[in-house]
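Visitor: The structure's right below; bear with me while I get my questions together.
Since every read-out is calculated from the coordinates, none of them should be taken as a lab result. Worth saying up front: this structure is predicted, and the values here are computed from it rather than measured. All Cβ positions, even for glycine, are placed from backbone atoms using ideal geometry, and neighbour counts span all protein chains on display.
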Amino acid sequence: MANEENLKGHGFHERSVSEVREAQRKGGINSGKARRKKANLKKAFEAILEADVKSDKIKQQLESMGFEATNEMALAMVMMQKAMKGDVRAFEQISKLTSIDTKDSLDRKEQRERIKAIQLENSKRERALENNLETNMTVNFVGADDVRD
């Protein structure tokens with residue numbers, strides 16, 4: 001359970017509008033900082049991966065295979081070597097990175113058409129059910145009038 005001493009009034013439902021607004025503002029500011037930090041980290045890794053390899057041995061290996069001598073290619077080579085030695089995680093990562101989208105546009109179109117057909121069938125059934133209920137109600141009302149006469 002959360003430390004209730006940290007919660008003023010045990011939650012937002014007991015706070016004033018201005019207190020809630022201030023907490024949301026602070027949360028938004030912190031969220032923006034976290035997003036910028038994550039984006040900067042991503043840019044830093046991209047720059048490092050694009051940089052040239054420092055090791056002459058790895059550089060020669062990559063160039064002899066016809067690849068660019070970047071850290072990205074060196075990392076790919078190491079991952080491939082691990083996968084070939086039986087590292088399942090390395091194999092899974094390679095599979096994940098190289099797999100193409102298994103559903104092509106025709107599969108997606110067919111799926112959308114099936115969904116539309118199901119929705120249409122459901123709406124027809126709904127209307128039939130509503131009409132059936134209205135008919136039963138009319139019969140009941142008509143029958144009730146006949147009994148009174």
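Visitor: How far is it, in nm, from the label point at residue 31 to the one at residue 110 when both lie 7 Å from their Cα along the line to the Cβ?
Guide: 4.0 nm
Visitor: Then there's this: Starting at the first residue of region 62-77, write each ³J(HN,Hα) from the Karplus equation 6.51 cos²θ - 1.76 cosθ + 1.60 with θ = phi - 60°, in whole Hz, x for Gly and Pro.
Guide: In residue order, the calculated couplings are 5, 5, 5, 8, x, 9, 5, 8, 10, 4, 4, 5, 5, 5, 4, 5 Hz.
Visitor: Would you please give the FRET efficiency between residue 68 and residue 42, computed as 1/(1 + (r/R0)^6) with r the Cβ-Cβ distance and R0 = 22 Å, to the nearest 0.05?
Guide: Efficiency, rounded to the nearest 0.05: 0.60.
Visitor: A further question on this structure: What list of ³J(HN,Hα) couplings, whole Hz, do you get for region 84-96 from phi and the Karplus terms 6.51, -1.76, 1.60, once you set θ to phi - 60° and write x for glycine and proline?
Guide: 5, 8, x, 6, 5, 4, 4, 4, 4, 5, 4, 4, 5
Visitor: So, counting K/R as plus one and D/E as minus one, what does the shell of residues with Cβ under 13 Å around residue 43 add up to?
Guide: Around residue 43, the surrounding residues sum to +3.
Visitor: Let me ask you something else. Provide the per-residue ³J(HN,Hα) series for region 115-127, in order, calculated from phi with Karplus coefficients 6.51, -1.76, 1.60 and θ = phi - 60°, each as a whole number of Hz, with x at glycine and proline positions.
Guide: After applying 6.51 cos²θ - 1.76 cosθ + 1.60, I find 4, 4, 4, 5, 5, 4, 4, 5, 5, 4, 5, 4, 4 Hz.
Visitor: Of the cross-linked pairs 54/82; 42/109; 57/82; 38/109, which ones have a Cα-Cα span greater than 24 Å in the structure shown? Can you show the working numbers first?
Guide: Working: 54/82 21 Å; 42/109 35 Å; 57/82 18 Å; 38/109 36 Å.
Listed pairs above 24 Å: 42/109; 38/109.
Visitor: Would you mind checking which residues have amide H under 5 Å from residue 70's amide H? H placed 1.01 Å from N; only 5 or more apart, or other chain.
Guide: Hits under the 5 Å cutoff: 53.
Visitor: Given points 7 Å out from each Cα along the Cα-Cβ axis, report the residue 135 to residue 55 separation in nanometres with one decimal.
Guide: Reported label-point gap for residue 135 and residue 55 is 8.0 nm.
Visitor: Next question. Ordered by packing density, taken as the mean number of other Cβ atoms within 10 Å over each peptide's residues, highest first, how do 56-67, 113-124 rank?
Guide: Most protected by this proxy first, the peptides run 56-67, 113-124.
Visitor: What is the gain in length, in nm to one decimal, between residue 119 and residue 99 on full extension, counting 0.36 nm per residue of separation less the C-alpha to C-alpha distance?
Guide: Contour length minus Cα-Cα distance gives 3.9 nm.
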